[in-house]
Amino acid sequence: KDDMTPLRELALIAFPVRELFVQKINEFDLIILDRFQNRGTLPLFYLHNIADFVRNGGALLLSVGPEYAGESSLGAGPLGEVLPAATPDESGVLNGAFRPAVTPLGLRHPVTAELPGLRPDGQAEWGSWYRRVVPPESHGEALMRGPDGAPLLLLDRVGQGRVAMLLSDQIWLWSRDHDGGGPQAELLRRLAHWLMKEPDLEETALTARVEQGRLTVERRTTEDTAPGAVAVI
């Protein structure tokens, strides 16, 4: 609001949009948009820059809620070209208690595999969430799901970069130990490091080591297949 305070008495500065999203955007490792609703803060030009940042090798993490539905959604603009979930209408925002679960793929993916409290069937006694967004279409890898099988956590590669999308704005409840809580910090840590291409969290990897004269070869994959033969040259 304008309360006629003289400029010399103000301690605030204008939000450095151009500096962040034009001049320095390629210096970032990861951009996080947490329930971000674009109310004219970022013109389309800057959203284009974020999309190009991802294509050129950057990382983007989104946690979305009701603001992701409708015509004003981030997915309805230029950023939607790099997002793994299409924009729903208001009916795609569902309210009601549910316990997040892990998909069969998520049980094998290093981002969600063996999270604290996770059972082999993908269920867990984690605390309830109360709102989620169900997109009309999605692609990429679904590691977590809602009670009806709709994706809850999506990972995708776009160009040289990576995107992760949490289709709920309720993960903060876990950090408050609501209804028993859940592995909020560990899940977000793994997500951030996968997005920034941490080798230990790559879902496809082949490593070898020698210990006491014995060669051990390890293959990590999300495919549900038996390991094949190894040829050593």
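The values are calculated or read from the model by the stated rules, or taken from the named source; none is laboratory data. Note that the structure is a prediction, hence the values are computed from the model and not measured. In this analysis, Cβ positions are derived from the backbone assuming ideal geometry, glycine residues included, and neighbour counts consider all displayed protein chains. What goes into the accessible areas is simple: the full protein's heavy atoms, side chains included, and nothing from ligands, DNA or RNA. Shrake-Rupley method; radii C 1.70, N 1.55, O 1.52, S 1.80 Å.
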**Report entry** Of the criteria (1) closer than 22 Å to LEU44 by Cα; (2) open to solvent by less than 60 Å² (accessible area, probe 1.4 Å); (3) of a type in the set (A, V, I, L, M, F, W, C), which one ALA76 fails
**Finding:** (2)
Requested in this report: Return yes when ASN26 is over 30 Å from GLY182 (Cα atoms), in contact with a helix residue (DSSP H, G or I) (Cβ under 8 Å, 6 or more places away or on another chain) and open to solvent by 40 Å² or more (accessible area, probe 1.4 Å) and no when it is not.
Outcome: yes
Query raised in the report: So which residues in the range 154-172 are over 18 Å from ALA86 (Cα atoms) and open to solvent by less than 20 Å² (accessible area, probe 1.4 Å), if there are any at all?
Result: GLY161, GLN170, ILE171
Query raised in the report: Has the range 94-109 got at least one residue that is touching a residue at least 24 places away in the same chain (Cβ under 8 Å) and more than 27 Å from ASP177 (Cα to Cα)?
Result: no
Query raised in the report: Only one of these conditions is not met by PRO136: (1) closer than 16 Å to ILE171 by Cα; (2) open to solvent by 70 Å² or more (accessible area, probe 1.4 Å); (3) not basic (Lys, Arg). Which number is it?
Result: (1)
